[in-house]
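The values are calculated or read from the model by the stated rules, or taken from the named source; none is laboratory data. Note that the structure is a prediction, hence the values are computed from the model and not measured. Cβ placement follows ideal geometry from the backbone for every residue including glycine, while neighbour counts extend to all protein chains displayed.
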Amino acid sequence: MTERDYHDIPGTVVFDGEQSRLGYHLNMFCMSLMKADNRTAFKADERAYLERYPMTEAQRQAVLDRNWNRMIALGGNIYFTSKIAATDGLSFQQIAAIMSGVTQPEYAQMMLGGGRSVEGNRSRKGRQIG
Amino acid sequence: MARITAGVATSHVPAIGAALDNGKSGEDYWKPVFAGYEASKLWIAEQKPDVIILVYNDHASAFSLEVIPTFAIGCAERFNPADEGWGPRPVPVVEGHPELAWHMAESLILDEFDMTIVNQMDVDHGLTVPLSLLFGQPEAWPCRVIPLAVNVVQYPPPTGHRCYSLGKAIRRAVESFPKDLKVVVFGTGGMSHQLQGPRAGLINSAFDNAFLDQLVDDPVAQSKVPHLDYMREAGSEGIELVMWLVMRGALDDKVHVAHRFYHVPASNTAVGHLVLENAASTT
């Protein structure tokens, strides 16, 4: 993996060329869920539907498990993976809560309190810039 | 000739559109958000622009990963609201201005901005939520809209400096259009937010407010801020703020702040809003 300055940002995967290349088929599967017929086919047999796309087995499993962080790690982009969430009837805030490891009410409360602070969340190396 | 009189910057949070569409704008959670736009609704009703050039980003609605244009200009007669998975928003069809849009495309390309020309495109919340915030829920949008889509989903987006320079080229394009049109430029997206991963929910009010200050007072300095700073300080999706620099570049160096608003939260996002008038247009 090419070293990039933004790899230092904690809890964040920047959707760069490398991620896009890894995740192309995963994201194009997600894109297919824009059509109602495809959503129906996916819901009817998720495994069979996923086999139509030349994704890695790990990507398919992450989708089946609704492991949102794993999908992102394997090249998924949030604007694409959120289409799976929409198919499941989940809101952006619900999957944001799951990805950050808290319940939806806890997450909503954090947002009402001004959101997640950037203090302590700027840098993996612990450098505090700004 | 056509002229740019003002700029509007605003977040384009999809939940704001959903709140309005589902009749929730009067709820305690949403009331302060919509209240922050009341003055702007009156302002734009008085301004009566003929055309809005609306700088926004598509969120995997019209563009997937098959083709990823850095800058795309919508030259069609009309643009339908996109189905983003919940059915299209119940908002009017967006009427374009093909004559000005094509003039802009030609002018920008010869001015060395290699625009992608788009004749068929649905427009998602990135474009329709700002219209809803400024115009409410009319039967038809009161003016023409030229969509100008910027890629900020696939890293890297264009630099802040490139966006600011595009704004200047847009101004040259508009001012060389022979018909008498009043044009307002919208820059949308932001402010701080992160939608993915363990850092989801990040908000940085200090960064956002410093951005609002500097965008107004020293846009050249703001245009030099690198992507890393936006992503680190304002969250991975906070990088959308570079689109505000397109709007700012299209205005005078000195502007009058007619309105400023900031609120946290709208769902996952900090809401920021500016109405900027060219000094020469202020009466």
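Kindly establish whether A:GLN109 is under 14 Å from the mean Cα position of the chain (by Cα) and either of a type in the set (S, T, N, Q) or in a loop (DSSP other than H, G, I, E, B) (or both). Spell out how you get there, then give the answer.
Numbers: under 14 Å from the mean Cα position of the chain (by Cα): no; either of a type in the set (S, T, N, Q) or in a loop (DSSP other than H, G, I, E, B) (or both): yes.
For A:GLN109, the condition - under 14 Å from the mean Cα position of the chain (by Cα) and either of a type in the set (S, T, N, Q) or in a loop (DSSP other than H, G, I, E, B) (or both) - is not met.
Could you grab me the full set of residues in region A:99-117 that are buried (at least 19 other Cβ atoms within 10 Å of the Cβ) and more than 7 Å from chain B (Cβ to nearest Cβ)? If you could, list the steps in order and put the result at the bottom.
The first filter runs over region A:99-117 and keeps only residues buried (at least 19 other Cβ atoms within 10 Å of the Cβ), leaving A:99-100, A:107-108, A:110-111, A:115-116.
Hit for region A:99-117 is A:ALA108, nothing else.
Hey, can you tell me all the residues within region B:135-174 that are basic (Lys, Arg) and within 18 Å of B:TRP244 (Cβ to Cβ)?
B:ARG162, B:LYS168, B:ARG171
Which of the helices (runs of 4 or more DSSP H) contained wholly in region B:1-100 include at least 3 residues that are in contact (Cβ under 8 Å) with a residue 40 or more places away in the chain and either buried (at least 17 other Cβ atoms within 10 Å of the Cβ) or away from chain A (no Cβ under 14 Å) (or both)?
Numbers: elements: B:14-21, B:31-35, B:38-47.
Filter on region B:1-100 gives B:14-21, B:38-47.
Could you go through region B:203-210 and let me know if any residue there is among the small types (Gly, Ala, Ser), without any contact (Cβ under 8 Å) to a residue 12 or more places away in the chain and within 14 Å of another protein chain (Cβ to nearest Cβ). Please lay out each step first, then the result.
As a first pass, look at region B:203-210 and keep what is among the small types (Gly, Ala, Ser): B:205-206, B:210.
Applying the additional criterion that residues be without any contact (Cβ under 8 Å) to a residue 12 or more places away in the chain yields B:206, B:210.
If we keep only those that are within 14 Å of another protein chain (Cβ to nearest Cβ) as well, we get B:206, B:210.
Taking every residue of region B:203-210 in turn, at least one turns out to be among the small types (Gly, Ala, Ser), without any contact (Cβ under 8 Å) to a residue 12 or more places away in the chain and within 14 Å of another protein chain (Cβ to nearest Cβ).
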Note to self: Give me the residue from region A:1-21 that is outside any helix (DSSP H, G or I), of a type outside the set (Asp, Glu) and within 19 Å of the chain's Cα centre (by Cα) and, out of that set, surrounded by the most Cβ atoms within 10 Å (Cβ to Cβ).
What the structure shows: A:ILE9
Note to self: Suppose we keep only residues that are in contact (Cβ under 8 Å) with a residue 40 or more places away in the chain and small (Gly, Ala, Ser) within region A:1-32. Which one would you say is farthest from the other protein chains (Cβ to nearest Cβ)?
What the structure shows: A:GLY23
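Across region A:53-68, which residue is nearest to B:VAL152 (Cα to Cα) among those that are surrounded by fewer than 21 Cβ atoms within 10 Å (Cβ to Cβ) and polar (S, T, N, Q)? Quick ask: steps written out before the conclusion?
Applying the first criterion (surrounded by fewer than 21 Cβ atoms within 10 Å (Cβ to Cβ)) to region A:53-68 yields A:53-54, A:56-58, A:60-61, A:64-67.
Narrowing the set further to residues that are polar (S, T, N, Q) leaves A:56, A:61, A:67.
Values: A:THR56: 26, A:GLN61: 28, A:ASN67: 25 Å.
Among those that are surrounded by fewer than 21 Cβ atoms within 10 Å (Cβ to Cβ) and polar (S, T, N, Q), it is A:ASN67.
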Margin query: Given the condition touching a Pro at 6+ places or on another chain (Cβ under 9 Å) and among the charged types (D, E, K, R), answer yes or no: does some residue in region A:42-61 qualify?
Written below: no
Checklist line | Filtered residues of region A:87-98 (kept if within 10 Å of chain B (Cβ to nearest Cβ) and surrounded by 13 or more Cβ atoms within 10 Å (Cβ to Cβ)) | finding: A:THR87, A:SER91, A:PHE92, A:GLN93, A:ILE95, A:ALA96, A:ALA97, A:ILE98
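Can you spot a residue in region B:43-61 that is under 26 Å from A:SER32 (Cα atoms), more than 16 Å from the chain's Cα centre (by Cα) and small (Gly, Ala, Ser)? Break it down stepwise before answering.
At the first step, the residues of region B:43-61 found to be under 26 Å from A:SER32 (Cα atoms) are B:56-61.
Okay, now just the ones that are also more than 16 Å from the chain's Cα centre (by Cα), so B:60-61.
Applying the additional criterion that residues be small (Gly, Ala, Ser) yields B:60-61.
Taking every residue of region B:43-61 in turn, at least one turns out to be under 26 Å from A:SER32 (Cα atoms), more than 16 Å from the chain's Cα centre (by Cα) and small (Gly, Ala, Ser).
Quick grid of which residues meet (1) part of a loop (DSSP other than H, G, I, E, B); (2) under 22 Å from A:MET1 (Cα atoms); (3) among the small types (Gly, Ala, Ser); (4) at pLDDT below 95:
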| residue | (1), (2), (3), (4) |
| --- | --- |
| A:PHE42 | no, no, no, no |
| A:LEU50 | no, no, no, no |
| A:TYR53 | yes, no, no, no |
| A:GLN59 | no, yes, no, no |
| A:ILE72 | no, yes, no, no |
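Residue by residue, here is whether (1) closer than 30 Å to A:ALA85 by Cβ; (2) within 18 Å of the chain's Cα centre (by Cα); (3) small (Gly, Ala, Ser) holds:
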| residue | (1), (2), (3) |
| --- | --- |
| B:ALA173 | no, no, yes |
| B:PRO178 | no, no, no |
| B:LYS182 | no, yes, no |
| B:GLY189 | yes, yes, yes |
| B:LEU195 | yes, no, no |
| B:ARG199 | yes, no, no |
| B:ILE203 | yes, no, no |
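Sort out which residues of region B:147-166 are touching a residue at least 12 places away in the same chain (Cβ under 8 Å), of a type outside the set (A, V, I, L, M, F, W, C) and not in a loop (DSSP other than H, G, I, E, B), and write them in order of number.
Here is the first cut: in region B:147-166, the ones touching a residue at least 12 places away in the same chain (Cβ under 8 Å) are B:147-161, B:163-166.
Imposing the further condition that a residue be of a type outside the set (A, V, I, L, M, F, W, C) reduces the set to B:147, B:151, B:154-161, B:164-165.
B:PRO147, B:GLY160, B:HIS161, B:TYR164, B:SER165 - these are the residues of region B:147-166 that are touching a residue at least 12 places away in the same chain (Cβ under 8 Å), of a type outside the set (A, V, I, L, M, F, W, C) and not in a loop (DSSP other than H, G, I, E, B).
Considering only region B:221-244, I want to know if a residue exists there that is aliphatic (A, V, I, L, M), more than 27 Å from B:TRP30 (Cβ to Cβ) and more than 14 Å from chain A (Cβ to nearest Cβ). Don't jump to the end; show me each part of the working.
Going through region B:221-244, the residues aliphatic (A, V, I, L, M) turn out to be B:221, B:225, B:228, B:231, B:234, B:239, B:241-243.
Retained after the next criterion (residues that are more than 27 Å from B:TRP30 (Cβ to Cβ)): B:221, B:225, B:228, B:231, B:242.
Restricting the remaining residues to those that are more than 14 Å from chain A (Cβ to nearest Cβ) gives B:221, B:242.
Yes, the conditions are met somewhere in region B:221-244.
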Margin query: Please pick out the residue among A:TYR49, A:TYR107 that is aromatic (Phe, Trp, Tyr) and closer than 27 Å to B:VAL13 by Cβ.
Written below: A:TYR107
